[in-house]
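**Q** First the structure, then my questions, so here it is.
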Amino acid sequence: MTEPDAVSGVDGAAKQAGRGANEEGEGTIRRVTEAKHHEVRQTTTRTITLEVTRYRPGQDSAPVLESFDVPLMDDWAVLDGLNYIKDQLDGTLSFRWSCRMGICGSCGMNVNGEPRLTCGTFFTEFGDGPIRIEPLKGFPIIRDLVVEVDDFLDKLRHVKPWLIREGEELPLTTEHAQTPAQLEAYKQYSMCINCMLCYSACPVYVLDPDFLGPAAIALAQRYELDSRDMGDRFDMLNLDEAVWGCTFVGECTKVCPKHVDPAEAIQRYKVTAAMRSILPWSRR
Amino acid sequence: MIDVLIVGGGGAGLRAAIAVAEADPELSVAVVSKVYPMRSHTVSAEGGAAGVIAAGDSLDEHCYDTVSGGDWLCDQDAVEAFVAEAPRELIQLEHWGCPWSREADGRVAVRPFGGMKRERTWYAADKTGFHLLHTLFQTTMKYGEIRRYDEWYVTKLIVDDGRVHGVVAVEIRTGHIETIAARTVILATGGCGRVFPFTTNAAIKTGDGMALAYRAGAPLKDMEFIQYHPTGLPFTGILITEAARAEGGWLINKDGYRYLQDYDLGKPTEKPKLRSMELGPRDRLSQAFVHEQRRGRTVETPYGPVVYLDLRHLGERKIDARIPFVRELCRSYQNLDPATDLIPVRPVVHYVMGGVHTDLDGATPIAGLYAAGETACVSINGANRLGSNSLPEILVFGRRAGTAAAAFAQAHRQAEPPAVHAQGEDERRRLERAREGNHGGDRIADLRERMQHTLEGAAGIYRTGAELAKAVDTLAELRERADGARMDDTSATFNTELINLQELHTMLDVAQTIAACALNRRESRGAHQRTDYEARDDREFLAHSLVYRAPDGAPSVGLLPVTITRWPPGERVYGRD
Amino acid sequence: MTTAYRPPRDHAWFLRNRNYTVFVARELTSVFVAWAIVFLMIVIDAVLNGGDPAAFAGQPWVIALNVVALAATTFHAVTFLNLAPTATVIRLDGYRLPAWMIQGGNHSAWLLISAVIAYFVLRTP
Amino acid sequence: MSRRRTAEPYLWLLFSGGGVVAALLLPVLVLLFGVLMPLGVLDWPSTTHLTALLDPLPVRLALVAVIVLCLFHAAHRIRHTSEELLGVARFDLFIALLCYGGAIAGGTLAVLLLF
Ligand SMILES: Cc1cc2nc3c(=O)[nH]c(=O)nc-3n(C[C@H](O)[C@H](O)[C@H](O)COP(=O)(O)OP(=O)(O)OC[C@H]3O[C@@H](n4cnc5c(N)ncnc54)[C@H](O)[C@@H]3O)c2cc1C
Ligand code: SF4
Ligand code: F3S
Ligand code: FES
C-alpha cells in the first residue's frame, strides 16, 4: 500500500492527517514540508570559545579560567560543549551531568554570570561568544565545575519532606481522595528538580549559608499545602534563618528552570506564619 | 558490617531500602549511588505506571497484554506476581504522597498506553518517574537508619565461595577507595542504554550492575532484547513519551500518511484505539519505521531519517494539561511547538529487557546477591517490554528484593571471611594503578564511540548472523584496547575520567553479552529480529538466553526454558478485534 | 573536607546583575518613605503651631529632595502593590485568581485614594 | 537551626501594613505638599482649612497610625538592606535597636505633636 491513492481509502482521522486535509488547501503534503527541521548541521569549522573555571585542589590555590575552542554548532547546548572538551581536548575537566534533558538537576552552572542548567542553555544565545562557565555561586567548589551539595540536601531533609499522617493508615487497596483542585494547590511546588540554581541566585543565601533557602521552603510548602498531609512545619519555618531570612529579592523565581516560584512559596508562608503568631489558635 | 547494601539509588534501590527499614529497623541498610539519588535515571520516566485499578479491568488482562507484548518470552509466574502486586505498590506510593493525576471525583486517573488493552496506566502528568523518584527519595529521608553513600562508585562485588560479602567502592569526591563489607548486596543500578550511540538513556546508564554480577560469576539473561522506542528526538535522543500517542498523537510519514496501517497494526481511527495503530507495541512500531525508510517515505535530516509525530489536533489545552513536559522538551531542544508544528522523531534505544538473572525474589544464583529494577531480568518483560510496566516493576521487585535480602541477612549473621580483605586490596591496587595515568593509548571517548557504532550496526532493530559474528570479534578487540586506554587525570578529587574508564569497561562487558546472545538466538522474536531467521521458533527458542563469563573473559551462552502457566504461546494480534 | 574552595565575600554583589540593582533600589525607597514622614510631620507642626509650612517646604533643597522622594515613593507604590499577589493567593471556585486582577485592584485603589485625598486637601470650603 | 522564638512575624506585619499605607498615601501627599505647592503650581490651602482638616479626632488617630506604620516599614527595610549591602548581619541586634528605636521615637513625637 505505498501508492498515495491508498490514503483515500481510510477513514476520517487518517484523511485529516493524510491527503484529504482540505481545510488546509493543499493538504498535508504542504504542511509536512513546512515542518521545522533543524537547520543543516554545520560543516564549517566555526568555533566558539568557552572560558571554563578550573580548580584542582592541591594544584591551584584559587580557581582560574581556562579557554577552550569548541565547534560552534547551532543545536549544541553548553553541556555539549563541555562534553566535547572532556572527550576530545582535556579529559581532566570535571563537571556533573546525567539526563541532558533538564530533569535530573545535576548540570547547574554559572553561564555568563547567570545560574543555568547547561543542558538547556544553547550556544545560539551567545552569538560568537565567548561563553564563561563557572561553578554555581554560593557553594564551596570541590573541583572545576563541581560544587558541594550536602548542605543543600540537609536543608531539604530538615523540613520533613514526606507526608505526615496521624492515626490509622488506609489499607493498600484504597487511595486517599484528592480532587484536581486540591492537587493544583501544591502541584507547582512539587516540580523542583533540586538543581540549586535558586540558592545560587539568592543574595541572602550567598551571604548567609544558614538561610534555609528557596527550594527547601518551597518543598515544605509542597507538603503543607497537600490535602493529605497532617503535619505542621511551623516551628521549622517560622525562624529568622527560614522564611524570615528572605527579603523577597525574587531572583530565585526568575532563575528557576521549572517555574516552581519559590519566592511565592516563601511569601505565602510568611502570611501563614504571621497569622499563626497573632492568632495562635488558627492552625491550618 | 552492613546487613543490606543496596547499589543504586533509583526507584528500585530506594524502594528496596524502605522495604528493609520497614522489615526490621534493627538491620543496617545502606544505599550506594554514583549520583545523588534524585538524579537517578528513574527521574526521566515520563508516561506512567501500569496497575489494574479501573472498573472493567482485570489482572488476567494485564497479564495477557504483558505476556503477548513480550512475545511469550516472559516467565508467567513472575508476570502474575507482578501484576497482582503492582496496584498495591502504586497505592503505597500514593500514601507516601506521590502527586498522581486525578479524576474529578478525587480518584487516581489512568490513561491508555501502548500494547495495553485497557486504560490502566497511572500518571503524574508526564513526569511520572520524576514524581515517583522524588516521592521515594523524600520518604527515605524519614528513615534515619537508611545510610547513604552519595556519589560513591562501586567497582567490584566481593564474592567468596559462592556467597557475596560486600563491594569495593570509590568515594568520587575524595578518591578514597573503600571495601564495604555486607551480608547481602542488592544491585539496582538501572539499564545500559549508553552502550548504543543513540539512546533516551542518561549518561549514567552504563550497565554497571550487570557487569559487576557477570564478572562475579552470575549469569545475565536475555541480553539480546533491546527495546527501541519509536519516538525519540533526532540528535539528542530525548524521549517523547508514548503518552503523547496515548492522548491521541499520530505518526505520519513524509506524505502526511499514518503509515502504521500498512503494517498489520489496525486501521486509523480519529480517537486512539487500544492495542491498535499508534498504540501498538514498541517493537512493532520501530520495525515499521525501518520499512518506511526502505520505501523512501521518511524524511532525511542531518541526524538521520525521521517521521513525524503530529499532536497539533490535540490542541494547546490538552497538551498543557496532559503532556506539558513534551511541549517543554520540544521547545527547548527542538525549537518547535507541538501545538502548531510536527515533531520529527525516530526510533531510539530505550530499554534493555535483559539483565541479571534472578528469581521472583530478586535472588541471583550467588548467595546473598540480589538484583532489582532495570538491571535485573526476573523476567516479566520477555522479548519486548510494554510501556509503563517498568516503573511498577522497579517498585514490586525492589520491595521483594529488599524483603528477601533482609530475611537473608537476619538468617546469616556470619562475620566476614579473610578473602574480603584480600580481594579489596587487589581492587584498590588496580584502581590506584589506573589513577596513576597513562598517556599513550586510545581516548576513552573514541573507544566508546567505536563500541557504540559496532553494536548499533550489528544489534540494531534488524540483525544478521554475519554482522553479529563480526561484532563479537570487534568488541573483544576493543575490550583489550580499553585496558590500555589513555588516562590523563591523576587527581584523587572528583576524578570523573577514572569513573568514565570504569564505565567503559562495564559497557564493553555488557556489549559483548548483547552481541553473543543475539548471535546465538537464531529466530525472530519481539525486539530481536534476525533477517536470516525471520520466524519465531518456539521449538528451539521458547527459552531464555543465559550468558556466563567464561574463564577467558569471553561470553558463553546457554538456554533456560520459559515458565508458562496459563497462556500458551500464540500469535501477537494488534489492531484486529 | 577542607580542600573545597570557599570564595571570598563579594562586596559588590548588587551590581552584578540588573535585577539585584533594581532590588536594592526598591529597598532603598524606604529611606525616602522615612523622609516623607519627617517632612509631613514638619508641615503638620507648622500648621498646628502657627508656623508657615510654605517657608520650610519652599527651600530649594527641600523641593529637590521631595522630587526624589516623589519618584521613590511612587516606585515603592508600584513595586509593593505589584508584589502583593505573590503573598495572597485568592481562590474562587478552586481556581486561582490571576495576579493581574489583584494588581489591577490594588492600583485602582491607589488612584482612588489619591484622588480623594487631593479632593479634601484642595477643596475650598 | 533550633527552635527559637522570633519577633519577625510581628515586625513583618507592621512592615507590610506600613508598606501598603505608604504606597497608597505617600505619593499623593508628597506630590501635593512637597512638589506642586512649593513650586507654585498649586496654591497653599489656608492655614484654617488645614487646621480644620486636622481637627477631627479620627483624623489625628489615623495620622499617628500612618506615621508609625510607615516608620516601621522604613525601619524594617533599612535594617535588612543595610545588613545585606554592608554585610553587617553580626551587628543585627544593634542595628535593629537603632532602626525600630527610631521608628518608636518618631511615633512618640507624632503623638506629642497631634495631641
Ligand atoms: C526517558 C525514559 C522514559 C521512561 N518512561 C517510562 C515510563 O513512562 N514508564 C515506565 O514504566 N518506564 C519508563 N522508563 C523506564 C524506567 O524509567 C526505568 O527502567 C527505571 O526507571 C529504571 O529504574 P532503576 O531503579 O532500575 O534504575 P535507575 O533509576 O537508572 O537507577 C540506577 C541507580 O544506580 C546507581 N548506579 C549505577 N551504577 C552504579 C555504580 N557502579 N555504583 C554506584 N551506583 C551505581 C545510579 O547512581 C542510580 O542511582 C523510561 C525510561 C527512560 C530512559
Ligand atoms: S526551586 Fe527551581 S531553581 Fe530551586 S532547586 Fe528547585 S527547580 Fe532548581
Ligand atoms: S532570591 Fe532569596 S531573598 Fe527570598 S525571594 Fe528568593 S529567597
Ligand atoms: S543534565 Fe540533567 S538537568 Fe541537565
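**Q** Of these, B:Ala469, B:Ala434, which one is touching a residue at least 60 places away in the same chain (Cβ under 8 Å), assigned to a helix (DSSP H, G or I) and not charged (D, E, K, R)?
**A** Exactly one residue qualifies, and that residue is B:Ala434.
**Q** Out of the range B:8-56, which residues are under 23 Å from B:Asn389 (Cβ atoms), more than 13 Å from every other protein chain (Cβ to nearest Cβ) and in contact with a Phe, Trp or Tyr (Cβ under 9 Å, 6 or more places away or on another chain)?
**A** The answer is B:Ala12, B:Arg15, B:Ala16, B:Ala17, B:Gly47, B:Gly48, B:Ala49, B:Ala50.
**Q** Let me ask another. Just for the range D:48-65: of the residues that are facing chain C (nearest Cβ under 8 Å) and under 17 Å from D:Leu109 (Cβ atoms), which one is modelled with the lowest pLDDT? Steps first, answer last, please.
**A** As a first pass, look at the range D:48-65 and keep what is facing chain C (nearest Cβ under 8 Å): D:49-54, D:63.
Next cut, under 17 Å from D:Leu109 (Cβ atoms) only: D:54, D:63.
Details: D:Leu54: 89, D:Leu63: 94.
Looking at the filtered set, the residue picked out is D:Leu54.
**Q** Residues being more than 7 Å from every other protein chain (Cβ to nearest Cβ) and polar (S, T, N, Q): count how many of those fall in the range A:89-123.
**A** Going through the range A:89-123 one residue at a time, the tally reaches 4.
**Q** Given the options A:Met109, A:Met101, name the one that is within 16 Å of ligand 4 (Cβ to nearest atom), under 21 Å from the mean Cα position of the chain (by Cα) and either assigned by TED's automatic domain parsing to the domain that holds A:Asp226 or in a strand (DSSP E or B) (or both).
**A** Every option except A:Met109 fails the conditions.
**Q** I would also like to ask the following. Is it fair to say B:Tyr333 is at pLDDT below 95 and in contact with a helix residue (DSSP H, G or I) (Cβ under 9 Å, 6 or more places away or on another chain)?
**A** Yes, satisfied.
**Q** Any idea how many residues of the range B:490-516 are part of a loop (DSSP other than H, G, I, E, B) and small (Gly, Ala, Ser)?
**A** So the answer is 2.
**Q** Which of the residues belonging to the range A:145-172 are more than 7 Å from chain B (Cβ to nearest Cβ) and part of a loop (DSSP other than H, G, I, E, B)?
**A** A:Leu145, A:Glu148, A:Val159, A:Lys160, A:Ile164, A:Arg165, A:Glu166, A:Gly167, A:Glu168, A:Pro171
**Q** Take the range B:405-417 and flag every residue that is of a type outside the set (S, T, N, Q), closer than 13 Å to B:Gly166 by Cβ and part of a loop (DSSP other than H, G, I, E, B).
**A** B:Ala415, B:Glu416, B:Pro417
**Q** Let me ask another. Among (1) more than 16 Å from ligand 1 (Cβ to nearest atom); (2) within 14 Å of chain A (Cβ to nearest Cβ); (3) acidic (Asp, Glu), where does B:Glu523 come up short?
**A** It is condition (2) that B:Glu523 fails.
Listed here are the residues, each with its yes/no results for (1) assigned by TED's automatic domain parsing to the domain that holds A:Thr47; (2) within 16 Å of ligand 3 (Cβ to nearest atom); (3) under 25 Å from B:Asn500 (Cα atoms); (4) part of a helix (DSSP H, G or I).
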{"site": "A:Ser61", "(1), (2), (3), (4)": "yes, no, no, no"}
{"site": "A:Ser67", "(1), (2), (3), (4)": "yes, no, yes, no"}
{"site": "A:Leu79", "(1), (2), (3), (4)": "yes, no, yes, yes"}
{"site": "A:Leu93", "(1), (2), (3), (4)": "yes, no, yes, no"}
{"site": "A:Gly129", "(1), (2), (3), (4)": "yes, no, no, no"}
{"site": "A:Lys137", "(1), (2), (3), (4)": "yes, yes, no, no"}
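**Q** Here is a further query. Do the conditions hold for B:Ala535, that is, is it assigned to a loop (DSSP other than H, G, I, E, B) and either surrounded by fewer than 24 Cβ atoms within 10 Å (Cβ to Cβ) or in contact with a helix residue (DSSP H, G or I) (Cβ under 6 Å, 6 or more places away or on another chain) (or both)?
**A** yes
**Q** Return yes when B:Gly193 is under 30 Å from B:Pro347 (Cα atoms) and either surrounded by fewer than 24 Cβ atoms within 10 Å (Cβ to Cβ) or within 16 Å of ligand 4 (Cβ to nearest atom) (or both) and no when it is not.
**A** The answer is yes for B:Gly193.
**Q** Determine which single condition B:Asp24 fails, assuming it passes every other condition in (1) in contact with a Lys or Arg (Cβ under 8 Å, 6 or more places away or on another chain); (2) more than 8 Å from ligand 1 (Cβ to nearest atom).
**A** So B:Asp24 meets the others, but not (1).
**Q** Something else about it: May I ask you to list the residues in the range A:81-117 that are closer than 20 Å to B:Leu239 by Cα and touching a residue at least 12 places away in the same chain (Cβ under 8 Å)?
**A** Of everything in the range A:81-117, those that are closer than 20 Å to B:Leu239 by Cα and touching a residue at least 12 places away in the same chain (Cβ under 8 Å) turn out to be A:Trp97, A:Cys99, A:Arg100, A:Met101, A:Gly102, A:Ile103, A:Cys104, A:Gly105, A:Ser106, A:Cys107, A:Leu117.
**Q** Check B:Gln293 against each of (1) touching a helix residue (DSSP H, G or I) at 6+ places or on another chain (Cβ under 9 Å); (2) without any contact (Cβ under 8 Å) to a residue 40 or more places away in the chain and name the one condition it does not meet.
**A** The number of the failed condition is (1).
**Q** Out of the residues in the range A:260-284 that are away from chain D (no Cβ under 14 Å) and touching a helix residue (DSSP H, G or I) at 6+ places or on another chain (Cβ under 7 Å), which is nearest to A:Met236 (Cα to Cα)?
**A** Per the criteria, the residue is A:Ala265.
**Q** Give the residue that is farthest from ligand 2 (Cβ to nearest atom), with candidates limited to residues of the range B:194-212 that are over 23 Å from B:Tyr548 (Cβ atoms) and touching a strand residue (DSSP E or B) at 6+ places or on another chain (Cβ under 6 Å).
**A** Among them, the one singled out is B:Phe196.
**Q** On the given criteria, is B:Val79 modelled with pLDDT of 95 or more, of a type in the set (Val, Ile, Thr), within 12 Å of B:Arg566 (Cβ to Cβ) and surrounded by 19 or more Cβ atoms within 10 Å (Cβ to Cβ)?
**A** Yes: the conditions hold for B:Val79.
**Q** Another question, then. What number of residues within the range B:476-510 satisfy the criterion of being without any contact (Cβ under 8 Å) to a residue 60 or more places away in the chain and more than 16 Å from ligand 1 (Cβ to nearest atom)?
**A** Final tally of qualifying residues: 13.
**Q** Here are A:Leu72, A:Leu50: which of them is crowded, with 17+ Cβ neighbours inside 10 Å, at pLDDT below 95, away from chain B (no Cβ under 14 Å) and away from ligand 3 (no atom under 16 Å from the Cβ)?
**A** After ruling out the rest, the residue left standing is A:Leu72.
**Q** For B:Arg297, which of the numbered conditions (1) more than 28 Å from the chain's Cα centre (by Cα); (2) buried (at least 20 other Cβ atoms within 10 Å of the Cβ) fails to hold?
**A** Among (1) more than 28 Å from the chain's Cα centre (by Cα); (2) buried (at least 20 other Cβ atoms within 10 Å of the Cβ), the lone unmet condition for B:Arg297 is (2).
**Q** Give the residue that is farthest from the other protein chains (Cβ to nearest Cβ), with candidates limited to residues of the range A:229-259 that are within 11 Å of ligand 3 (Cβ to nearest atom) and assigned to a loop (DSSP other than H, G, I, E, B).
**A** A:Cys256
**Q** Within the range A:195-228, restricting attention to residues that are within 12 Å of chain D (Cβ to nearest Cβ) and either more than 22 Å from the chain's Cα centre (by Cα) or outside any loop (DSSP other than H, G, I, E, B) (or both), which residue is nearest to A:Leu136 (Cα to Cα)?
**A** Ranking the qualifying residues of the range A:195-228, first place goes to A:Val206.
**Q** Only one of (1) of a type outside the set (D, E, K, R); (2) over 30 Å from A:Gly102 (Cα atoms); (3) not in a strand (DSSP E or B) is not met by B:Val168, so which one is it?
**A** Going through the list (1) of a type outside the set (D, E, K, R); (2) over 30 Å from A:Gly102 (Cα atoms); (3) not in a strand (DSSP E or B), B:Val168 breaks only (3).
**Q** Only one of (1) at pLDDT 95 or above; (2) in contact with a Cys (Cβ under 9 Å, 6 or more places away or on another chain) fails for A:Val249. Which number is that?
**A** (1)
**Q** Would you mind stating whether A:Asp128 is on the phi > 0 side of the Ramachandran plot and either touching a Phe, Trp or Tyr at 6+ places or on another chain (Cβ under 7 Å) or more than 11 Å from chain B (Cβ to nearest Cβ) (or both)? Full working, then the answer.
**A** Numbers: on the phi > 0 side of the Ramachandran plot: no; either touching a Phe, Trp or Tyr at 6+ places or on another chain (Cβ under 7 Å) or more than 11 Å from chain B (Cβ to nearest Cβ) (or both): yes.
In short, no.
The values are calculated or read from the model by the stated rules, or taken from the named source; none is laboratory data. Quick caveat: nothing in here was measured; it's all calculated off a predicted structure. In this analysis, Cβ positions are derived from the backbone assuming ideal geometry, glycine residues included, and neighbour counts consider all displayed protein chains.
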